[in-house]
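These notes concern the structure reproduced below.
The values are calculated or read from the model by the stated rules, or taken from the named source; none is laboratory data. Predicted model only: the values in this text are computed from it and were never measured. All Cβ positions, glycine included, derive from the backbone under ideal geometry; neighbour counts span all protein chains shown.
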Amino acid sequence: MSLERASLNWKGWGRPEAAASFSPARAQWMIEELGRRLGSVLTPNPSRAELSEVKLPPPRLSESILARLRGACGEAAVRTDAAARVTHALGRSLPDLFRLRRGEIESAPDAIVAPADEAAVVAVLRIAAECQLAVVPVGGASSVVGGVEPHLAPGQAGSIALDTTRLDAVIRIDGQSGLATFGAGIDGPALEVALAGHGLTLGHFPQSFEHSTLGGWVATRSSGQLSDRYGAIDELLVAVRLVTPEGVVRTATVPRSATGPDLNQLVLGSEGTLGVIVEATVRVAPAPESSDERAILFRSFHDGVEAVRELVRGRAGLSLLRLSDGAETGLSRLQRHDPEKRIDPVDWVFSGLARLGYRDDSAALLYGAEGGAGAVRAAVSRARSVARAHGGVPLGRSPGRSWRRERFRTPYLRDWMLDRGVAVDTFETAFSWGVLESGHESVVRVIRDAAERHSGGGFAMTHLSHSYLDGACLYFTVLYPVDASREVSQWTAIKRDVTDAILSAGGTLSHHHGVGSDHRPWMETEKGSLGLAALRSLKGALDPAGIMNPGKLL
């Protein structure tokens, strides 16, 4: 079943019924605590616009072009109404939310087309090339780097959003080979339901899992929360079908091939700039018999990093290793504190641990394993043993149960905070182990300085995730007070300073969010001028008219 876009919050994250909420007393306490930590009196910034009030540029497509598109996809599969244009216009980055909440969208697709099969996609791209239209493939529209906003290249007459969510077929599940083939528009829950019927799982659970698509995961090189066990999408992808303006690129369903450069790797991370991913074959695994997630507290982030590195390099068999620094651990406690309770058991435990040296800079590690019951017990036991050797104190299963229950809920808190005048944004990267701790220190320092300089105060925190033999992903978060008169310029200045700091510290521009338009200015720094020229040459071969998602990636 296609992802129901109408069920999603058009100006926030996910589904409205899942929005973050707190009791009045708890909400007031959190607001006061956030203001204290940010060094600012917070000014409420409620979401104002209704969908009917959103200001859109007038559509530019002629009736003859629309008729051709309807002929290719069907009458009902082509929409030009305001609701469809708004819900396909932007992703869910912080500047996207600013504009959606104000109801001011400067660039929106002129039409939305939703082809149901590969032949219809081919026809749409042919029409777009002949009529000089930009084409933006849109799956779940959960991009946080400006990946789906339509831009026009010089000479283009308009834009269409190509909605992939009708390309959602379960094509083939081959349990013997451990392979499954799906239409690229299938969303995460539907994909997992189909596999569960065969006792299988893909094991790919990004934060956007509930409303993102397989094609979107491939197009952005995404990583899931359990990538330590199952791998990121680039490790899971076996074969792909990509419809380009020049024809169809398809790769073979084989375990390995030595026939030159791997075309899968060119499609991975292409962000809709080369064509439309219509089908993907992925490696699947037996659904886990057992799972177990727990937490452990270290005196410092350094101690936690040492433990994580030892576990990864020792191949401990874990599915999850998420190490929060002291700031993130503290904010997590703030979120769970209930001032209406006379005794808070979490505060009571941490007060006792403080006497043993586990204070404000203590780091919490969430770790877990999936698979056979015996293997899970062995992996968890090994993790606990290594962590204790580095000074870790076990916190038990309760934090793990909480993470399992709430693991897709965290982004909803961003909307709640934004309503109360607090902006939340993230920066994710990857460092080799040799520079990871220095990178953490320098980037956190720049985040704090940038927030102070551009917004008068701020709060920075980090967690480590997605570990590898040679390094790990660091995921930075900044909170700062919003100035409603200059929301976007505030964000732009902070984004620039922090991104420069990440690259200067030896990190990558993006570990799993992709490039979009937000990271595009730094691509030459990351890839080099010759590397970028090679990618542009590839685009020229597959998309000579430049109709595919202009303004992104390249």
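Using the structure shown, decide if Glu406 is without any contact (Cβ under 8 Å) to a residue 12 or more places away in the chain and either surrounded by 17 or more Cβ atoms within 10 Å (Cβ to Cβ) or at negative phi (or both).
On the way: without any contact (Cβ under 8 Å) to a residue 12 or more places away in the chain: yes; either surrounded by 17 or more Cβ atoms within 10 Å (Cβ to Cβ) or at negative phi (or both): yes.
Yes, satisfied.
Since Ala373 meets every condition but one in (1) closer than 16 Å to Asp303 by Cα; (2) among the small types (Gly, Ala, Ser); (3) surrounded by fewer than 21 Cβ atoms within 10 Å (Cβ to Cβ), which condition does it not meet?
For Ala373, the failing item is (1).
For Ser7, only one of the following conditions fails: (1) touching a Ser or Thr at 6+ places or on another chain (Cβ under 8 Å); (2) more than 25 Å from Glu328 (Cβ to Cβ); (3) among the hydroxyl-bearing types (Ser, Thr, Tyr). What is its number?
Going through (1) touching a Ser or Thr at 6+ places or on another chain (Cβ under 8 Å); (2) more than 25 Å from Glu328 (Cβ to Cβ); (3) among the hydroxyl-bearing types (Ser, Thr, Tyr) one by one, Ser7 breaks only (1).
One line per residue, one yes/no per condition, for (1) in contact with a strand residue (DSSP E or B) (Cβ under 6 Å, 6 or more places away or on another chain); (2) of a type in the set (Ser, Thr, Tyr):
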| site | (1), (2) |
| --- | --- |
| Pro16 | no, no |
| Phe22 | no, no |
| Gly35 | no, no |
| Ser40 | yes, yes |
| Leu56 | no, no |
| Ser62 | no, yes |
| Arg70 | yes, no |
| Ala76 | no, no |
| Leu90 | no, no |
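Of all residues in the range 34-92, count the ones that are of a type outside the set (Lys, Arg) and in a loop (DSSP other than H, G, I, E, B). Steps first, answer last, please.
Within the range 34-92, the first condition is being of a type outside the set (Lys, Arg), and the residues that meet it are 34-35, 38-47, 49-54, 56-59, 61-67, 69, 71-78, 80-84, 86-91.
Still in the running and in a loop (DSSP other than H, G, I, E, B): 39-47, 49-50, 54, 56-59, 61-62, 74, 80-81, 88-91.
Going through the range 34-92 one residue at a time, the tally reaches 25.
Among the residues in the range 390-397, are any at pLDDT below 95 and loosely packed, with under 15 Cβ neighbours inside 10 Å?
Yes, some residue in the range 390-397 is at pLDDT below 95 and loosely packed, with under 15 Cβ neighbours inside 10 Å.
Please identify the pairs in which a residue from the range 246-275 that is free of Cβ contacts under 8 Å to residues at least 24 places away in the same chain has its Cβ atom under 7 Å from the Cβ atom of a residue that is of a type outside the set (Lys, Arg) and part of a loop (DSSP other than H, G, I, E, B), counting only partners at least 6 apart or on another chain.
Listed by first residue and then by second, the contacts come to Leu263/Thr251.
Yes or no: the range 123-146 includes at least one residue that is β-branched (Val, Ile, Thr), over 30 Å from Ala423 (Cβ atoms) and more than 26 Å from the chain's Cα centre (by Cα).
Applying the first criterion (β-branched (Val, Ile, Thr)) to the range 123-146 yields 124, 127, 135-136, 138, 144-145.
Checking the rest, the ones that are also over 30 Å from Ala423 (Cβ atoms) come to 124, 127, 135.
Narrowing the set further to residues that are more than 26 Å from the chain's Cα centre (by Cα) leaves 124, 127.
Yes, the range 123-146 has at least one match.
For Asp419, all conditions in the list (1) under 22 Å from Pro24 (Cα atoms); (2) charged (D, E, K, R); (3) under 17 Å from the mean Cα position of the chain (by Cα) hold save one; what is the number of the exception?
All conditions are met except number (3).
Which pairs do you get when a residue that is of a type in the set (Lys, Arg), found in the range 494-509, comes within reach of a residue that is at pLDDT 95 or above, reach meaning Cβ atoms under 9 angstrom, with the pair 6+ apart or on two chains?
Sorted first by the residue in the range 494-509, then by its partner, the pairs are Lys495/Leu94; Lys495/Pro95; Lys495/Asp425; Lys495/Phe427; Lys495/Ala450; Lys495/Asp518; Arg496/Ala450; Arg496/Pro521.
Of everything in the range 261-285, what is closer than 30 Å to Val124 by Cβ and part of a loop (DSSP other than H, G, I, E, B)? Give them in sequence order.
Pro261, Asp262, Leu268, Gly269, Ser270, Glu271, Gly272, Thr273, Leu274, Gly275 - these are the residues of the range 261-285 that are closer than 30 Å to Val124 by Cβ and part of a loop (DSSP other than H, G, I, E, B).
Take the conditions buried (at least 19 other Cβ atoms within 10 Å of the Cβ) and in contact with a Lys or Arg (Cβ under 6 Å, 6 or more places away or on another chain) and apply them to Arg241. Does it pass? Can you show your working first?
Working: buried (at least 19 other Cβ atoms within 10 Å of the Cβ): yes; in contact with a Lys or Arg (Cβ under 6 Å, 6 or more places away or on another chain): yes.
So Arg241 passes the test.
State all residues of the range 169-191 that are surrounded by 19 or more Cβ atoms within 10 Å (Cβ to Cβ) and free of Cβ contacts under 8 Å to residues at least 24 places away in the same chain; if no residue qualifies, say none.
Leu191
As an exercise: evaluate Leu320 against (1) out of contact with any Gly (no Cβ under 6 Å at 6 or more places or on another chain); (2) among the hydrophobic types (A, V, I, L, M, F, W, C); (3) closer than 15 Å to Asp292 by Cβ and give the number of the one condition it does not meet.
Against the list (1) out of contact with any Gly (no Cβ under 6 Å at 6 or more places or on another chain); (2) among the hydrophobic types (A, V, I, L, M, F, W, C); (3) closer than 15 Å to Asp292 by Cβ, Leu320 comes up short only on (1).
Kindly provide the set of residues from the range 288-310 that are in contact with a helix residue (DSSP H, G or I) (Cβ under 7 Å, 6 or more places away or on another chain) and either of a type in the set (A, V, I, L, M, F, W, C) or free of Cβ contacts under 8 Å to residues at least 40 places away in the same chain (or both), ordered by number.
Of all residues in the range 288-310, those in contact with a helix residue (DSSP H, G or I) (Cβ under 7 Å, 6 or more places away or on another chain) come to 289-298, 301-302, 305, 307, 309-310.
Ala295, Ile296, Leu297, Phe298, Phe301, Val305, Ala307 - these are the residues of the range 288-310 that are in contact with a helix residue (DSSP H, G or I) (Cβ under 7 Å, 6 or more places away or on another chain) and either of a type in the set (A, V, I, L, M, F, W, C) or free of Cβ contacts under 8 Å to residues at least 40 places away in the same chain (or both).
Would you point out the residue of the range 25-41, among those that are of a type in the set (A, V, I, L, M) and within 29 Å of the chain's Cα centre (by Cα), that is surrounded by the fewest Cβ atoms within 10 Å (Cβ to Cβ)?
Among those residues, the one meeting the criterion is Ala27.
Residues to consider are Thr259, Thr253, Thr244; find the one that is touching a helix residue (DSSP H, G or I) at 6+ places or on another chain (Cβ under 9 Å) and over 21 Å from Phe205 (Cα atoms). Before the answer, list the steps.
On the way: Thr259 fails: touching a helix residue (DSSP H, G or I) at 6+ places or on another chain (Cβ under 9 Å); Thr253 fails: touching a helix residue (DSSP H, G or I) at 6+ places or on another chain (Cβ under 9 Å).
That would be Thr244, the only listed residue that is touching a helix residue (DSSP H, G or I) at 6+ places or on another chain (Cβ under 9 Å) and over 21 Å from Phe205 (Cα atoms).
Of the numbered conditions (1) surrounded by fewer than 18 Cβ atoms within 10 Å (Cβ to Cβ); (2) of a type in the set (A, V, I, L, M); (3) modelled with pLDDT of 95 or more, Ala484 fails exactly one; give the number of that condition.
(3)
Given Val124, Val136, which one is out of contact with any Lys or Arg (no Cβ under 7 Å at 6 or more places or on another chain) and closer than 29 Å to Leu413 by Cβ?
Working: Val124 fails: closer than 29 Å to Leu413 by Cβ.
When all the criteria are applied, what remains is Val136.
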